[in-house]
Amino acid sequence: GVSRTTIRHGVTINGLLPGPFNTDRVRGPVAKTEADRRGISVDQLLAARAKLNPAGRFGDPEEFGLACAFLCADKAGFITGQNILLDGGAFPGTL
């Protein structure tokens, strides 16, 4: 709602909603604990998780950065009040 009042002043408000991205957080202690519990390597665990995503992979952090940069650019000044999923198609709401 606030985005509708700020756009007249050149201020847009949007949300980027990331799914799994290939970052240190994905490869962190939680993955290590889960891999150890399953008796597999972290790489095997992450490969299996990536296959579960419709894209068959995790997002590249650069993809997130480029989406953010686009929304911050002048040419995106007509986009406001939006939440944009960057999840490789994982959200089931579009089925």
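The values are calculated or read from the model by the stated rules, or taken from the named source; none is laboratory data. Just so it is clear, the model here is predicted, and its values are computed rather than measured. The accessibility values were calculated without ligands, DNA or RNA, using every heavy atom of the protein model including side chains. Shrake-Rupley method; radii C 1.70, N 1.55, O 1.52, S 1.80 Å.
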For Leu85, other-chain or 5+-apart residues with amide H closer than 5 Å (H placed, Pro excluded) are Leu17
Mean projection area, nm², convex hull over Cα of the chain: 7.7
How much length would be gained if the chain were fully extended between Ala31 and Asn53, taking 0.36 nm per residue of separation minus their Cα-Cα distance, in nm to one decimal? 6.3 nm
For Phe64, Phe91, Phe78, give me the order by solvent-accessible area with a 1.4 Å probe, most accessible first, ignoring ligands, DNA and RNA. Phe78, Phe91, Phe64
From the Cα centre of segment 1-50 to that of segment 57-95, the distance in Å is 13
Carbon and sulfur atoms account, in whole percent of the 1.4 Å probe accessible area of segment 15-68, for 57
Among Thr33, Thr80, Thr12, determine the one that fluctuates most according to a GNM of the chain built with springs between C-alpha atoms less than 10 Å apart. Thr33
Which value, in Å², gives the accessible area per residue of the chain when a 1.4 Å probe is used on the protein heavy atoms? 74
